[in-house]
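As structure tokens, the structure follows; a few thoughts come after it.
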Amino acid sequence: MSDSRQRRDDEKEQRREAIVDAAEAVFASHGFDASKMDDVARKARVSRALVYLYFGSKAELQFAVCLRALRLLRDELAAAAETTARGDAKIAAIGAAYMRYAERHPLYFATLSRFEAHRPETIAAGSSERAVLEAGAAVHDVTIAALRIGMRDGSIRRTSKPMLLAMTLWSFTHGAIQVAQTKSAFLEEVGLSSGDLLQHAIEMAMRGLRPAAVKRQRPG
């Protein structure tokens, strides 16, 4: 590839990333539903036509933000898993890291929640939506790797379907985070905090992962 071609490609990628930066700022300020492509164009200081050249719709911009969110989430969960050796401890660290992620990156968590809530008819190969799903699978791979370590070291019960277990853990944790975020006033009324709920969620999940206790046989 020639230097001029490489320079043009680099400039296109920088412009694309700048548009996604602008979309994040607009979504955070106005909310996804109220945001318009014109708002993104003004924030990015480019024409509306240029925004549509890179992203054919507001949904495509949302998918681009989702990709950023999932790549960062995958990195943060992987880093958390590396802080300890046993499989069960890795899973606990991953759960706590996801909860921190939701607190530190509320736009990303909200964008991912929105993506998970919609139900597409089809997801074409090579589409932006397919790329988001593949990035999500990479996040689950971090949990699956920790589960397999735990199954080998005996800290997690064995299963032939680690993806099912990973998806269940994600669903449970994601739901607990959403309740902690949206029902904090109610939790306070009943003498609880969001932190209490999230900590209890991790403890319950870990109890469910432990191997079944070996029953003691009664003597003679």
- Toward the positive end of the charge dipole of the chain, about the Cα centre and with charges on Cβ (Lys, Arg +1; Asp, Glu -1), which of His140, Ala41, Val65 goes farthest? His140
- Message: For the chain, what are Rg and Dmax over the alpha carbons, in angstrom?
- Response: 21.3, 85
- Message: Around Arg7, under 13 Å between beta carbons, what's the net of Lys plus Arg minus Asp minus Glu among the other residues?
- Response: -1
- Gaussian network model of the chain, springs between alpha carbon atoms under 10 Å - residue of Ala138, Ala92, Ala125 with greatest fluctuation: Ala125
- Item | For segment 29-95 and segment 144-187, distance of Cα centres in Å | 22
- Task: Just flag the chymotrypsin sites (Phe, Trp or Tyr not before Pro) in segment 144-206 sitting in loop per DSSP whose Cβ has no more than 13 other Cβ atoms within 10 Å.
- Result: none
- Task: Report, to the nearest 10°, how far helix 106-117 tilts away from the longest principal axis of the Cα atoms in the chain, using its own Cα long axis and a range of 0 to 90°.
- Result: 80
- Item | Degrees separating the helix 194-209 axis from the principal Cα axis of the chain, which is the longest one | 60
- Query: Which of the GluC sites (Glu not before Pro) found in segment 46-137 are in a DSSP loop and have at most 14 neighbouring Cβ atoms, other than their own, within 10 Å?
  - Reply: Glu82, Glu121
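Computed from the coordinates by the stated procedures, all read-outs in this text should not be read as laboratory data. This is a predicted model, so every value here is computed, not measured. A quick note on method: Cβ atoms are made from the backbone with ideal geometry, for glycine too, and the neighbour counts reach across all protein chains shown.
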